[in-house]
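Every number in this text was worked out from the coordinates using simple rules, so none of it is lab data. Predicted model, so just to flag it, every value in this text is computed and none were measured. Note: ideal-geometry Cβ built from the backbone for every residue, glycine included; neighbour counts use all protein chains shown.
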Amino acid sequence: MKTKTPPTQPTPPPVKPCKVKGCGRPNYARGYCQTHHRQFLRTGKVSPIRRYRPRSPGTLKFAGLRLSPQTVEALQELAEAEGLSDGAAIAQVLEEWHAQRSPKPKKPRG
Ligand SMILES: [Zn+2]
């Protein structure tokens, strides 16, 4: 008969959420999330902040943005092909997008 070891998985310390009602962000210091902690230090009180939105599932982080894997792949290809940084690739796409939206960016003088 095999003796199974009891499931003693190391449980990480429970992360209490921020003590501001309705905040939902993870605890950072003194029971507050990072935003509320900073707010408390700065103003001495806390007020509700924008609702916490957990990261969208199925997205990847790219240059500080959360994008679909397909978009990230396309941007990485562009960045590689043009020798651009991640941010510069996004900037280029946005510039092209904007150029398409405004067909006449500048009025000729006179
Ligand atoms: Zn908070």
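Data table
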{"quantity": "Proxy reagent accessibility, fewest Cβ within 10 Å first, across 93, 15, 46", "calculated": "15, 93, 46"}
{"quantity": "Viscosity 0.890 mPa s, 25 °C: Kirkwood-radius Stokes-Einstein D of the stretch 60-101 over Cα pairs, µm²/s", "calculated": "237 µm²/s"}
{"quantity": "Label zone at residue 56, where the point sits 7 Å out along the Cα-to-Cβ direction: the stretch 66-94 residues whose backbone N lies under 16 Å", "calculated": "66-75"}
